[in-house]
């Protein structure tokens, strides 16, 4: 098994497992709409359901259209992630970690959509001036972290490419 496969698989299994376990614990231990302060005034554990996408987008669409749309989008995203993963170099550990996290998060939320026709969210943050960030879950966090890692890697590799190009074009280098 190549390093990229080991790391990608470990990230996938860990992120999906953590997402499923945390959602199970929330469903078993909190009633719908419960809110437990972890850091009072800032961070709470909740039990809410999101029928829409990020920030509740499409939550008013008819349930059968919503389910078909979200399952379809998730399946396309999963296919793209797997395609990207297959094209990685065997030693590309960072990108495989990121894609494993994204895949685990995508499948975690897809499982919710299929089981409940909505996603279980439970992390709630109150920010400044009474503003609250929309509730989210471990799957959402893994997707965001994975995308962030990919963006940082892309920016770093672009910087290295430009630096190498500039060094090879500078006078006196041959």
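The values are calculated or read from the model by the stated rules, or taken from the named source; none is laboratory data. Bear in mind the structure is a predicted one, so any value in this text is a computation, not a measurement. Methodologically, a virtual Cβ is constructed for each residue, glycine included, from the backbone with ideal geometry; neighbour enumeration extends over all protein chains shown.
Based on what the data block shows, is residue 158 touching a residue at least 12 places away in the same chain (Cβ under 8 Å) and in a helix (DSSP H, G or I)? Answer is no for this residue.
Could you go through the range 112-131 and let me know if any residue there is in a helix (DSSP H, G or I) and touching a residue at least 60 places away in the same chain (Cβ under 8 Å). Yes: one or more hits. Of all the numbered requirements in (1) assigned to a helix (DSSP H, G or I); (2) touching a strand residue (DSSP E or B) at 6+ places or on another chain (Cβ under 7 Å); (3) modelled with pLDDT of 95 or more; (4) exposed (fewer than 13 other Cβ atoms within 10 Å of the Cβ), residue 38 misses one, and that requirement is (1).
Out of everything in the range 41-70 that is part of a helix (DSSP H, G or I) and touching a residue at least 12 places away in the same chain (Cβ under 8 Å), what residue ends up being surrounded by the most Cβ atoms within 10 Å (Cβ to Cβ)? Of everything passing the filter in the range 41-70, 70 is surrounded by the most Cβ atoms within 10 Å (Cβ to Cβ). Among the conditions (1) surrounded by fewer than 17 Cβ atoms within 10 Å (Cβ to Cβ); (2) under 14 Å from the mean Cα position of the chain (by Cα); (3) farther than 30 Å from residue 28 by Cα; (4) touching a residue at least 24 places away in the same chain (Cβ under 8 Å), the only one that residue 90 does not satisfy is (2).
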